[in-house]
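The values are calculated or read from the model by the stated rules, or taken from the named source; none is laboratory data. Because the structure is predicted, anything quoted here is derived from the model rather than measured. Please note: Cβ atoms are built from the backbone with ideal geometry, for glycine as well, and neighbour counts cover all protein chains shown.
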Amino acid sequence: MPVTTLTHFIKPLRSLLLAGVAVVAISACASNRMPSPDYSGMAAGQSQQTLGELTARYKNNPKDKGVAIQYAAALRAVGQSQQAVAVLEISMSQYPRDADVNVAYAKALTAEGRFEQSLQVLDNVIRPEAPDWNALLVKGATLDQLGRNAEARVLYTQALVFAPGEASIEANMGLSYAMTSELPAAEQHLRRAVQMQGATSRIRQNLALVVGLQGRFDECRALYAAELPPEQVDSNMAYVRSLLTQQNRWDMIAKS
């Protein structure tokens, strides 16, 4: 399959990259760091319930950085990235040198489309002699959003040195290759990711998407069916086919 950009695929992939960033598996090498929350894979009702609970907790104690980070993640999950930025700007004023707050703030900025500002925040927190893999991962996702995919992959590779076996890094590497239509490479990384500790349903669904974009619809459907109710499987399959139709890629699949 030729390497051409999947134009209609880029926008949904961008949201997947950011949603999948740094779903931290607690391990010995990361035990001193705060897990990065991810509420993006929740059903709508559950997302709203979580947001309500975190809103109350945040109002009760807005200076608790952990609550602020979780609250901002819940806001992003329901599309309120601007409010997430505002919440974390307050935390930044209280904890300007805190790595967890800085990374969460950069993630919110990227969700809001403020890519260059996000990169500046991350560059201030990444130490060349001992880089934070979480920060590297968020920076990679931001560079991918800017179309700087080769640079992003260098950072993902570096992050894997510091957090080998971390599913979110392999998953984002896979999505990065999908953004440039290198689908076999994307599949390879996503298959690695689903075998790793911390692999989420979202990562497995991303694998299904990449498999479907290569025209292997039965396998794609089976992967989705293992994660989703039947009506959502049908909806996702229709979405995969619509992406292929928009790109007029059916002949390319037949020849590949």
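Scanning segment 94-114 for residues that are polar (S, T, N, Q) and more than 13 Å from the chain's Cα centre (by Cα), which turns out surrounded by the most Cβ atoms within 10 Å (Cβ to Cβ)?
If we filter segment 94-114 for residues that are polar (S, T, N, Q), which is where we start, we get 94, 102, 110.
Subset that is more than 13 Å from the chain's Cα centre (by Cα): 94, 102.
Numbers: Gln94: 12, Asn102: 23.
Checking each candidate, the answer is Asn102.
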Within segment 222-245, considering residues that are β-branched (Val, Ile, Thr) and buried (at least 16 other Cβ atoms within 10 Å of the Cβ), the one farthest from Val210 (Cα to Cα): Val233
Conditions first: (1) in contact with an Asp or Glu (Cβ under 7 Å, 6 or more places away or on another chain); (2) modelled with pLDDT of 95 or more; (3) surrounded by fewer than 19 Cβ atoms within 10 Å (Cβ to Cβ). Met196 passes all but one, so which condition is the exception? (2)
Quick test of your reading of the structure: Met92 fulfils all but one of (1) modelled with pLDDT under 95; (2) touching a helix residue (DSSP H, G or I) at 6+ places or on another chain (Cβ under 8 Å). Name the failing condition by number. (1)
List every residue pair whose Cβ atoms sit under 6 Å apart, with the two residues 6 or more apart in sequence or on different chains, where the first one lies in segment 143-158 and is over 15 Å from Ile126 (Cα atoms) and touching a residue at least 12 places away in the same chain (Cβ under 8 Å) and the second, anywhere, is hydroxyl-bearing (Ser, Thr, Tyr) and part of a helix (DSSP H, G or I). Asp144/Ser176; Asn149/Ser176; Arg153/Ser176
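Return the only residue of Gln49, Gln83, Gln120 being at pLDDT 95 or above and surrounded by fewer than 14 Cβ atoms within 10 Å (Cβ to Cβ).
After applying the criteria, what remains is Gln120.
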Sole residue being assigned to a helix (DSSP H, G or I), modelled with pLDDT under 95 and either of a type in the set (A, V, I, L, M, F, W, C) or closer than 22 Å to Ala178 by Cβ (or both), chosen from Ala130, Ala141: Ala141
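Only one of Arg76, Arg148, Arg114, Arg57 is of a type in the set (D, E, K, R), touching a helix residue (DSSP H, G or I) at 6+ places or on another chain (Cβ under 6 Å) and closer than 30 Å to Ala185 by Cβ; which? Talk me through it step by step, then tell me what you get.
Numbers: Arg148 fails: touching a helix residue (DSSP H, G or I) at 6+ places or on another chain (Cβ under 6 Å); Arg114 fails: touching a helix residue (DSSP H, G or I) at 6+ places or on another chain (Cβ under 6 Å); Arg57 fails: closer than 30 Å to Ala185 by Cβ.
It is Arg76.
Those residues that are within 17 Å of Ile203 (Cβ to Cβ), in a helix (DSSP H, G or I) and out of contact with any Lys or Arg (no Cβ under 9 Å at 6 or more places or on another chain), I need them from segment 160-170; list them, please. Outline the logic, then answer.
Step one: list which residues in segment 160-170 are within 17 Å of Ile203 (Cβ to Cβ), which gives 160, 163-170.
In the following step, the residues that additionally are in a helix (DSSP H, G or I) were identified as 160, 167-170.
If the condition is that a residue be within 17 Å of Ile203 (Cβ to Cβ), in a helix (DSSP H, G or I) and out of contact with any Lys or Arg (no Cβ under 9 Å at 6 or more places or on another chain), then Leu160, Ser168, Ile169 are the ones that fit.
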Test each condition in (1) touching a residue at least 24 places away in the same chain (Cβ under 8 Å); (2) within 26 Å of Ala185 (Cβ to Cβ) for Asn102 and report the one that comes out false. (2)
Selection over segment 178-206 where residues are in contact (Cβ under 8 Å) with a residue 24 or more places away in the chain and either among the aliphatic types (A, V, I, L, M) or in a helix (DSSP H, G or I) (or both) yields a count of 15
